[in-house]
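The structure appears below as structure tokens.
The values are calculated or read from the model by the stated rules, or taken from the named source; none is laboratory data. Being a predicted model, the structure only gives us computed values, none of them experimental. Every residue, glycine among them, receives a Cβ derived from its backbone with ideal geometry; neighbour counts consider all protein chains shown.
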């Protein structure tokens with residue numbers, strides 16, 4: 001069997017199950033509203049008033065985290081997360097100015113200094129939660145180990161004593177460092193630097209998310225790379241807001257809640273294309289497990305989001321009922 005055919009089978013198997021999980025997640029999270037009705041119901045009156053009195057907001061962006069967020073040839077930020085944010089802006093009237101892209105570690109530092117209001121494409125961690133609050137995730141992708149095809153495929157347990165690149169400040173960094181302390185971890189600015197280092201032979205392997213692998217390989221024309229193993233880590237990506245701006249986080253959440261399944265699927269289809277992943281290894285028995293993990297993760301995420309939505313509706317209904325009861329119990333006005 002040819003390597004290309006095996007690769008297509010690998011990513012096809014993973015992609016079909018992963019897409020099903022994401023679709024299930026989004027179906028459970030999406031309320032049954034038309035676009036017009038959802039737009040009208042996006043924000044409360046208090047939220048609209050607050051938004052009118054504040055902003056525009058400074059969006060901190062990574063310069064090279066495609067396909068989620070990256071600088072295009074004209075220097076403008078683009079990607080899956082940017083398109084998702086534009087949909088939310090259309091529904092809420094949120095005003096955002098994207099700052100020039102920087103490495104993630106620098107963007108996080110700027111947020112801690114109060115120089116950034118909102119960030120995209122972040123996985124919540126305990127460290128980040130000290131200064132940031134997060135929306136519900138809008139996309140989930142697995143992290144994988146990438147090596148040169150000329151080498152025997154290895155997982156992280158077999159890479160002890162070898163240099164392996166990982167994005168500095170990325171959520172996966174602290175996890176893989178703790179799980180595999182014997183690996184010679186090499187922090188780099190972004191996934192492009194990690195993959196280029198592997199291609200050039202400076203690193204034995206790199207840990208990147210599968211979507212970024214696809215995007216970078218296609219955009220940069222890197223060859224001879226293969227996904228060899230799972231990293232046992234999933235990026236459930238969210239928007240993050242400074243901790244002193246909970247109103248802004250709630251407005252982002254409200255905008256996401258009224259997006260339709262079709263709107264979100266268009267964005268996912270635009271950016272999460274598996275064709276560039278033809279560099280996958282010929283023998284990849286973990287592809288099916290990875291796909292099922294995506295399916296289960298998407299289902300659990302969807303159920304959690306559905307529960308939150310139902311809880312919010314129940315609380316609003318309870319508050320409305322209490323208010324109505326208070327009005328009914330109040331004595332009639334007037335002198336009689």
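Quick one: in the stretch 177-192, which of the residues that are out of contact with any strand residue (DSSP E or B) (no Cβ under 7 Å at 6 or more places or on another chain) and modelled with pLDDT of 95 or more is surrounded by the most Cβ atoms within 10 Å (Cβ to Cβ)?
Here the answer is 180.
Can you tell me which residues in the stretch 115-135 are outside any loop (DSSP other than H, G, I, E, B) and within 18 Å of residue 82 (Cα to Cα)?
Once the filter is applied, which keeps residues that are outside any loop (DSSP other than H, G, I, E, B) and within 18 Å of residue 82 (Cα to Cα), the stretch 115-135 yields 118, 119, 120, 121, 122, 134.
Could you identify the single residue in 141, 145 that is part of a strand (DSSP E or B), modelled with pLDDT under 95, touching a helix residue (DSSP H, G or I) at 6+ places or on another chain (Cβ under 7 Å) and buried (at least 20 other Cβ atoms within 10 Å of the Cβ)? Quick ask: steps written out before the conclusion?
Working: 145 fails: modelled with pLDDT under 95.
Within the list 141, 145, the selection yields 141.
So, in the stretch 110-132, of the ones that are crowded, with 16+ Cβ neighbours inside 10 Å and over 16 Å from residue 245 (Cα atoms), which residue ends up farthest from the chain's Cα centre (by Cα)?
125
Residues of the stretch 48-74 being over 15 Å from the mean Cα position of the chain (by Cα), part of a loop (DSSP other than H, G, I, E, B) and within 22 Å of residue 195 (Cα to Cα), which ones?
Passing the criteria: 63, 72, 73.
Within the stretch 239-254, can you find the residues that are in a helix (DSSP H, G or I) and within 16 Å of the chain's Cα centre (by Cα)?
249, 252, 253
Please list, ordered by first then second residue, the pairs with beta carbon atoms under 7 Å, 6 or more apart or interchain, first in the stretch 109-132 and free of Cβ contacts under 8 Å to residues at least 40 places away in the same chain, second surrounded by fewer than 21 Cβ atoms within 10 Å (Cβ to Cβ).
Within 7 Å, the pairs are 112/131.
Looking at (1) out of contact with any strand residue (DSSP E or B) (no Cβ under 7 Å at 6 or more places or on another chain); (2) over 19 Å from residue 153 (Cβ atoms); (3) in contact (Cβ under 8 Å) with a residue 24 or more places away in the chain, which one does residue 266 not meet, given that it meets all the others?
Looking at each condition in turn, residue 266 falls short on (3).
Report whether or not residue 108 is closer than 19 Å to residue 270 by Cα and not in a strand (DSSP E or B).
no
To keep it simple, each residue is scored yes or no on (1) closer than 17 Å to residue 141 by Cα; (2) at pLDDT 90 or above; (3) surrounded by fewer than 18 Cβ atoms within 10 Å (Cβ to Cβ).
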{"position": "9", "(1), (2), (3)": "no, no, yes"}
{"position": "20", "(1), (2), (3)": "yes, no, yes"}
{"position": "27", "(1), (2), (3)": "no, no, yes"}
{"position": "43", "(1), (2), (3)": "no, yes, no"}
{"position": "46", "(1), (2), (3)": "no, yes, yes"}
{"position": "69", "(1), (2), (3)": "yes, yes, no"}
{"position": "79", "(1), (2), (3)": "yes, yes, no"}
{"position": "95", "(1), (2), (3)": "no, yes, yes"}
{"position": "99", "(1), (2), (3)": "no, yes, yes"}
